[in-house]
Amino acid sequence: MQSSLTLSLSQSATASTIPKSNYTLNHALRFPPSKHINLRFCGLRREALLGSYSLSRSHSLQNKTLSKKINNAISASLSANGSAPKSFDYDLIIIGAGVGGHGAALHAVEKGLKTAIIEGDVVGGTCVNRGCVPSKALLAVSGRMRELQSDHHMKALGLQIAAAGYDRQGVADHANNLAMKIRNNLTNSMKALGVDILTGFGSILGPQTVRYGKLDDSPGNTVTAKDIIVATGSVPFVPKGIEVDGKTVITSDHALKLESVPDWIAIVGSGYIGLEFSDVYTALGSEVTFIEALDQLMPGFDPEIGKLAQRVQINPRKIDYHTGVFATKITPAENGKPVTIELIDAKTKEPKDTLEVDAALIATGRAPFTKGLGLDNVQVALKNGFVPVDERMQVLNFEGNPVPHLYCIGDSNGKMMLAHAASAQGISVVEQITGRDHVLNHLSIPAACFTHPEISMVGLTEPQAREKAEKEGFEVSVTKTSFKANTKALAENEGEGIAKLIYRPDNGEILGVHIFGLHAADLIHEASNAIALGTRIQDIKFAVHAHPTLSEVLDELFKSAKLRRAPSTFNLVTEVLNLWGRLKLMFQAQ
């Protein structure tokens, strides 16, 4: 929603008008009559029902009084955090040019906002340069290698292939070239739309004021904007006691460069990052040992999907694992000695084992990059390193109240550490600052692990759904379909996999969908869109899917759900039309 704006009513009030720059606190925003306007500043909320005021001259005094009250409220809210500038260099400044910042910038330009984006490293952030993009290049190679190395798979297709090999530098170059291409595409897309790219690290100097430059005490440059979005992303999290040398003890940042393929590598953590790298390394010939603090591998996945994935992706491959242990100390290889890893029991903290391996990859998650943001200048304190925000991504101050015109999206707010979630949050914020209230449903955002086969999910896991059902008093049902019954999967000789639907049988609400199988990452979006749009099973089961396609896995999944009541919109409309037809015949007969 718009904030720090006075409300002015006149006979010419028609559509919303938002100039591209030089907003002032007395700027007049016009709205059509009979529309609620929500103005929020530091927790202060005012609703003005324009329809209750006449647009005639006889009510001009009332309008001026209302405008004065709102302007006084704005001034009072800003006084606690210093003074905001009277005019601005930009409508919107975004600190961080990753996928989230890029998505917000493009949407802002579409909405007519004069926009600048500040980047202290390289455009594209973690995803493009050290994450999603180069890792998919490596996984594309590992997928091809697995096919070529599988005699059973090749013979089933009638193919005869000589021994498959690879060039390590060529594989590394493929990942690097892809990252560079996507980075250039993002940069060019913003420049073409007129987004100003400001080089340097951004920090908040005060209300609606940003400094950018080097991370030191040098003056740098100062710019102002009506609204500011923090989108600084995250960095690999390295627990205490682990010494990273970038050669034999590495993070995902180093691993993506593929400077070596060790014979034996330990991977600390069995989440998305660890699983994907295990897929790459084993396809290229490495042996892998997982080190997991919890009692089971893949703790973030639906348990049933995790067990199937372990049976297919871990047990048959050159992978072993230690669960329920912490790696308290990891020492890099030196002077001919291997990497040493000291393990303790996660519960008792007693020493358990010492491993000696060729390399260790630290895949224990990511930490927000919020260094030097200057949030204390607007009375904001980090929470476990994350920037606190509300459901609209507005930054919260010490007292838990929204800071006017300051938002945070992506990994640095910790709500959902996925690149596409950051982009969706950024678009949501732009909607708000251009006058349309919008709250993003994070349960509708899908996630995927690009192993072979792939894993994808949206919504709740089965344990989460059952916990929610117990608290709220409803029933949960589960249905599943197999890729072994899908024609396209069998044609590809890729029948290993399932799709799982978690739903409410009383009203058809989709609570969660989990897929393990060929192209699971592409298939999940039908389910995520259904959740986002509030589509119920009784309606989506009438959707038509092309045959033969993998999408029929989802088609069969929704059709197999058993609902007790709540007729579908389709049936309801049919019944109404039938009734209307019968009534029409009766009237004609009379």
Requested in this report: Please state which one of GLU475, GLU496, GLU467 is of a type in the set (Asp, Glu) and either assigned to a strand (DSSP E or B) or closer than 18 Å to LYS307 by Cα (or both).
Outcome: GLU496
Query raised in the report: Which condition number in (1) at pLDDT 95 or above; (2) open to solvent by 10 Å² or more (accessible area, probe 1.4 Å); (3) at negative phi is the one that VAL325 fails?
Result: (2)
Query - Test result for ALA485, over 13 Å from ILE515 (Cα atoms), open to solvent by less than 50 Å² (accessible area, probe 1.4 Å) and touching a residue at least 12 places away in the same chain (Cβ under 8 Å) - result: no
Requested in this report: Starting from residues that are farther than 30 Å from LEU256 by Cβ, outside any loop (DSSP other than H, G, I, E, B) and free of Cβ contacts under 8 Å to residues at least 24 places away in the same chain, keep the ones in the range 330-389 and report whichever is least open to solvent (accessible area, probe 1.4 Å).
Outcome: ASP345
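Which count do you get for residues in the range 492-543 that are polar (S, T, N, Q) and within 25 Å of the chain's Cα centre (by Cα)? I'd like the intermediate steps shown before the answer.
We begin by selecting, within the range 492-543, every residue polar (S, T, N, Q); these are 493, 507, 528-529, 535, 538.
Adding the requirement that they be within 25 Å of the chain's Cα centre (by Cα) leaves 528-529, 535.
Going through the range 492-543 one residue at a time, the tally reaches 3.
Just to be sure before I move on: is LEU198 in contact with a Lys or Arg (Cβ under 9 Å, 6 or more places away or on another chain) and not in a helix (DSSP H, G or I) in the structure I sent? Reasoning before the result, please.
Working: in contact with a Lys or Arg (Cβ under 9 Å, 6 or more places away or on another chain): no; not in a helix (DSSP H, G or I): yes.
Spelling it out, it is not the case that LEU198 is in contact with a Lys or Arg (Cβ under 9 Å, 6 or more places away or on another chain) and not in a helix (DSSP H, G or I).
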Requested in this report: Report the residue count in the range 398-410 for those that are out of contact with any helix residue (DSSP H, G or I) (no Cβ under 7 Å at 6 or more places or on another chain) and either of a type outside the set (Asp, Glu) or crowded, with 24+ Cβ neighbours inside 10 Å (or both).
Outcome: 6
Report task. Answer yes if at least one residue in the range 216-229 is open to solvent by less than 50 Å² (accessible area, probe 1.4 Å) and more than 30 Å from ILE433 (Cβ to Cβ), and no otherwise. Result -> yes
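For the range 582-590, check the following and say yes or no: at least one residue is of a type in the set (D, E, K, R) and either at pLDDT 95 or above or in a loop (DSSP other than H, G, I, E, B) (or both).
Filtering the range 582-590 for residues of a type in the set (D, E, K, R) gives 582, 584.
Cutting the leftovers down to either at pLDDT 95 or above or in a loop (DSSP other than H, G, I, E, B) (or both) gives us none.
No: zero hits.
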Query raised in the report: If you check LEU490 against the conditions, is it loosely packed, with under 15 Cβ neighbours inside 10 Å, farther than 17 Å from GLY143 by Cβ and either at pLDDT 95 or above or touching a Leu at 6+ places or on another chain (Cβ under 8 Å) (or both)?
Result: yes
Query raised in the report: Of the residues in the range 429-464, how many are open to solvent by 30 Å² or more (accessible area, probe 1.4 Å) and either within 30 Å of ASN315 (Cβ to Cβ) or in a loop (DSSP other than H, G, I, E, B) (or both)?
Result: 12
**Report entry** Residue satisfying all of: in the range 160-194; surrounded by 11 or more Cβ atoms within 10 Å (Cβ to Cβ) and over 34 Å from the mean Cα position of the chain (by Cα); farthest from GLN313 (Cα to Cα) among these
**Finding:** ILE161
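The values are calculated or read from the model by the stated rules, or taken from the named source; none is laboratory data. What you see is a predicted model, and the numbers here were worked out from it, not measured in a lab. Glycine also receives a Cβ, built like all others from the backbone with ideal geometry; neighbour counts cover every protein chain displayed. Ligands, DNA and RNA are excluded from the accessible area calculation, which covers all protein heavy atoms including side chains. Shrake-Rupley method; radii C 1.70, N 1.55, O 1.52, S 1.80 Å.
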